[in-house]
Amino acid sequence: MKRMKTVLALFTLIGLNINSFGQASSSDSSNGTSVKLEVLAKDDNKPNVLFIAVDDLNDFVNCLNGSIKVPTPNIDRLANQGVLFTNAHCQAPICGPSRASIMTGLLPTTSGNYLQLKDTSIAKSNKATKECIFMPDYFEQHGYKTMAVGKIYHNGDRAKTFDEYGGGFEWMGPKPEVRFKYDPSKIEGKIGSTQTDWGAYPKYDSSMTDYKSAAWAVNQLNKEHEKPFFMAVGFVRPHVPWYAPQKWFDMFPIDSIKLPPYNKNDYDDIPEMGKIVSNAPQMPTTEELIKSGEWKYAVQAYMACIAFVDAQIGKVLDELENSEYANNTIVVLWSDHGYHLGEKNRFAKQALWERDTRTLLIFKPLNAKGGVKCAQPVQLIDMYPTLVEMCKLPANKMNEGHSLTSLFSEPSQRWPHPAMTFYGVGNFSIRNFHYRLIQYEDGSQELYDITKDPNEWSNMAKLDNLKGVIDELKSHIPKEWAPLSPYSYYNFNEYFKEKIKQ
């Protein structure tokens with residue numbers, strides 16, 4: 001009703017009369033009036049976009065087939081209403097370059113943004129990044145109002161690409177004065193820093209950043225927007241520290257916690273370069289947490305954070321469904337990469353294995369039949385061209401992803417595009433329906449049949465009968481690699497410290 005009132009008012013302002021059949025006429029037959037009417041009708045029919053991001057969320061959500069299933073009724077509801085991509089992968093296994101790739105539509109091999117970087121540096125890397133149009137800017141150029149809150153880029157929206165940004169509130173906080181369980185600065189042999197810690201904190205949901213981001217989004221959905229909107233809502237949990245109020249921990253009694261699969265001899269067939277690249281010297285290891293008795297408590301905290309953020313997502317989805325925008329809003333929900341919770345002796349992302357690259361991706365198109373699952377390999381970079389097509393905007397020729405709209409109706413079709421992930425120059429993984437190939441800059445490789453070996457415990461890269469599989473997967477890797485952006489910063493381990501120096 002609010003929108004109809006606005007339309008009527010605008011018709012009046014441009015001198016139009018509405019007859020009893022709802023048709024517009026005007027005593028002024030000039031071209032100007034006709035153009036105004038055409039633009040008004042066109043804008044009014046454009047769908048809105050609700051773009052929901054979740055930080056560091058792996059496949060523990062209930063609607064995916066992870067080794068642990070956390071009750072996520074709100075994420076599940078959206079999956080049941082739309083299209084769930086069960087084989088979606090990031091283009092970089094850390095926040096900054098993953099989000100930069102999503103928002104620019106460029107692969108790291110084109111942008112040079114392989115490693116961590118500030119929002120304000122994304123466009124500075126090279127000629128391609130200077131010429132590309134960021135996703136919010138592209139929608140603005142085609143008549144949209146863009147809004148955001150929370151973590152969309154690595155630093156929120158310091159790139160200033162949204163018309164309106166609601167802020168980041170306490171960001172990864174609030175935090176206690178003293179850590180509860182983990183502080184690498186106090187542990188002999190640990191090198192580097194991390195926010196990793198876990199425990200019940202603060203007392204109230206209302207103190208949490210994601211609670212405030214959800215409230216901001218709900219408020220926006222209660223407003224009248226004259227233009228179609230693109231609204232991005234970025235939630236920070238379950239990014240470390242794994243803090244949430246006690247009630248979310250109470251959902252998962254410690255005696256009921258199931259641990260992820262772990263093979264003590266997992267690294268026996270992993271090449272040396274794989275161990276060097278994935279080394280996380282500041283992070284806890286599984287062996288350490290087994291010894292301290294903390295593994296279950298760390299998993300419990302991660303699960304509590306997932307349950308908490310699912311509830312915040314639910315508030316936004318509920319408000320959308322009860323708003324005047326319910327029937328004209330596309331929803332997409334995604335996370336920037338996965339996370340290890342003890343598999344491969346690590347509690348980290350920052351690697352090229354399945355647990356690091358695989359993530360959540362759900363689209364809810366207009367008039368969706370719902371309940372669709374697609375197991376084809378897709379990429380987060382595919383969101384940009386998909387949304388452009390869904391909103392009937394002109395294609396952005398610089399987009400390097402592929403529109404997924406054909407998979408909405410034919411999820412089992414032959415999909416020719418594998419999913420690619422890059423972690424520094426020369427290190428990549430490539431995933432098709434069956435296999436994951438990882439290759440490091442020295443040429444050493446890992447190959448896993450994920451359909452038979454989902455934990456990646458048996459490296460088959462040296463088997464002669466699979467050479468054809470490796471060659472086919474490698475054929476998709478870009479032939480040219482942009483140099484690492486000079487604006488990168490990343491002191492995660494000794495390997496990357498040396499790369500940054502170079």
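Observations on the structure shown:
- Test result for residue 282, surrounded by 14 or more Cβ atoms within 10 Å (Cβ to Cβ), part of a helix (DSSP H, G or I) and either in contact with a Ser or Thr (Cβ under 8 Å, 6 or more places away or on another chain) or at negative phi (or both): no
- Residue match in segment 81-96 (condition: out of contact with any Pro (no Cβ under 8 Å at 6 or more places or on another chain), under 25 Å from residue 374 (Cβ atoms), modelled with pLDDT of 95 or more and among the hydroxyl-bearing types (Ser, Thr, Tyr)): yes
- Test: residue 50 is modelled with pLDDT of 50 or more, assigned to a strand (DSSP E or B) and either within 36 Å of the chain's Cα centre (by Cα) or surrounded by 22 or more Cβ atoms within 10 Å (Cβ to Cβ) (or both): yes
- In segment 178-201, the condition of being among the small types (Gly, Ala, Ser) and under 19 Å from the mean Cα position of the chain (by Cα) is met by no residue.
- Among residues of segment 275-303, those that are more than 20 Å from residue 350 (Cα to Cα) and among the polar types (S, T, N, Q), counted: 2
- Filtering segment 366-409 to residues that are touching a helix residue (DSSP H, G or I) at 6+ places or on another chain (Cβ under 8 Å) and of a type in the set (Gly, Ala, Ser) leaves 368, 370, 371, 395, 401, 403.
- Flag for residue 172 being part of a strand (DSSP E or B) and either within 30 Å of residue 387 (Cβ to Cβ) or in contact (Cβ under 8 Å) with a residue 40 or more places away in the chain (or both): no
- Only one entry in 441, 400 is in the same structural domain as residue 92 (by TED's automatic domain parsing), of a type in the set (Asp, Glu) and touching a residue at least 12 places away in the same chain (Cβ under 8 Å), namely 400.
- Taking segment 302-330 as the range and being aliphatic (A, V, I, L, M) and over 21 Å from the mean Cα position of the chain (by Cα) as the test, only 326 passes.
- Here residue 372 meets each of (1) more than 15 Å from the chain's Cα centre (by Cα); (2) surrounded by 24 or more Cβ atoms within 10 Å (Cβ to Cβ) with one exception, condition (2).
The values are calculated or read from the model by the stated rules, or taken from the named source; none is laboratory data. All of these numbers come straight from a predicted model, not from anything done at the bench. Cβ: placed from backbone, ideal geometry, glycine included. Neighbour counts: every protein chain shown.
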